[in-house]
Amino acid sequence: MKPPPEPLATVPGAGRLAPGAIDRGPVDLDAPLDEALALLGPCRRLTVLVNDPQRHTASRAVLERLARRVQPESIRLVVATGSHHADAATRTAFERALGRPAAGAVEWHDCRADDLLPVGPDGAWRGHPALLAGDAVLAIGSVEPHYFAGYTGAHKTATIGVASFADIEANHAAAMDLACRPGLLAGNPVAEGVFSMLAALEGVRPVAAVHLVQAGPQVLAAAGGATRAALDEAVGWAREAFVRTVEPAADALVAEVTGPLAESFYQADKGIKNTEWAVRDGGCLVLWAGCPRGIGQDAFCELLRQAPTYAAAVETVARRGYRLGDHKAVRLRYLTDPATRGVRAFIVSPGLSDADANLLGLAKAPTVAAALHAAGVRAETDAIVHVRDAGNLAVTTNPSAGSGG
């Protein structure tokens, strides 16, 4: 696919950071790790949690430094997969990339496993047995805006990443709340649920974190120590790198998604969620993504088939209960329903058919220019924003959405 024509205003994305967005020279990973280990104190058995392959996290760089401080036989290494699944080939390649920081085999979390244990003084949630088997927990995570959890980070690695499917589903059900936005932690029900799970874990085990701020594989900044305090520090850098504010709201916005997130609509939808609040009600949003795998995980499409409006989607979920992925459908209907925001949404993608686009409530266009023309956008007078790497860059008109809380 050829790049779309350059609209009037361009917001540089994570893959093309604005010059000097974060310019602090070489990033020191030793100090954040030392702060985390100092918080945990002496450990004969240390449970270490790392992100799975679906997120760019320089876990190996931290693990190599950990191996110089902690004996490998003391480490129990767990890949925090959340509800994701990885095939054997993916696991083998990922374990090879991690190196050999632990004496034992690398463990992969299974959210549906039978041996998950209650976590917290009151058994608030169920998680991987390794959380309770060791003396302490060290979580390694990467911090960037998340389209409904506010920000990712080690706080999610240590909770959602190693929780039961039921607990993940219960947390994600709150994502239908309009306060669940990228770059927003304070007042975000999903984020507050994660922090509640973290507090339960901290009630029974010492927990520390190393948070990495990354643009792809490049580490831009790092913070370590107490999970929440280090997150606040890392969020400041992540906000600088990955959150932009535009004023006034755009008449039209082009969300360009490339790389792994462009493989399917299910993933590329993050480009919509990350930018939808920068478009005025009744405006135009164009998602530009290849989607060679089509819609991808399509469980949320069942709700779209049943509910052509936002009100119908909300009523359906209330009647039959939330299912993982429903928030995607509900929020998509909220964006496009004339009774709510009424944004005209287009998809430019060779991987999606007209039928796919109709199901999603999007209009299919052959090019970005054709979509803007169909929406009646006038380059001479309308405010048009082009967001590169919209799957990773959050754009809003609301300054509070850039607050870490």
Inset, instruction - Could you order peptides 191-199, 271-279 by the average number of other Cβ atoms within 10 Å of their residues, highest first? - result: 271-279, 191-199
Legend entry - Karplus (6.51, -1.76, 1.60) ³J(HN,Hα), θ = phi - 60°, over the stretch 38-53, in Hz, Gly and Pro reported as x: 5, 5, 6, x, x, 9, 7, 9, 10, 8, 10, 10, 10, 5, 7, x
Legend entry - Protection proxy ranking, peptides 257-263, 204-210, average beta carbon neighbours within 10 Å, highest first: 204-210, 257-263
Inset, instruction - Could you tell me the distance between the Cα centroids of the stretch 124-203 and the stretch 49-68, to the nearest Å? - result: 19 Å
Inset, instruction - Please report how far the C-alpha centroid of the stretch 244-284 lies from that of the stretch 81-95, rounded to the nearest whole angstrom. - result: 29 Å
Inset, instruction - With springs connecting C-alpha atoms under 10 Å apart, model the chain as a Gaussian network and identify which of V119, V317, V243 has the largest mean-square fluctuation. - result: V317
Legend entry - Listed peptides 366-375, 142-151 by packing density, highest first (mean Cβ within 10 Å): 142-151, 366-375
Legend entry - Packing-based exposure ordering (other Cβ within 10 Å, fewest first) of D389, D30: D30, D389
Inset, instruction - Rounded to whole Hz and in sequence order, give me ³J(HN,Hα) for the stretch 307-319 from the Karplus expression 6.51 cos²θ - 1.76 cosθ + 1.60, θ = phi - 60°, writing x for Gly and Pro. - result: 10, x, 10, 4, 4, 5, 5, 4, 5, 5, 5, 5, 6
Inset, instruction - Search the structure for amide H atoms under 5 Å from the amide H of A250, placed 1.01 Å from N in the peptide plane, and list their residues when 5 or more places away or on another chain. - result: V279, R280
Legend entry - Structure-based [θ]222 nm, the chain - -39500 (n - 2.57) summed over DSSP H runs of at least 4, per residue, nearest 500: -9000 deg cm²/dmol
Legend entry - nm² value of the averaged projected area, convex hull over the Cα atoms of the chain: 19.0 nm²
Legend entry - D30-T245 pseudo-label distance in nm [points 7 Å out on the Cα-to-Cβ vector]: 3.9 nm
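Values quoted throughout were computed directly from the atomic coordinates according to the rules given, and no laboratory measurement underlies them. Every value quoted in this text rests on a predicted model; they were computed, and no experiment measured them. All Cβ positions, glycine included, derive from the backbone under ideal geometry; neighbour counts span all protein chains shown.
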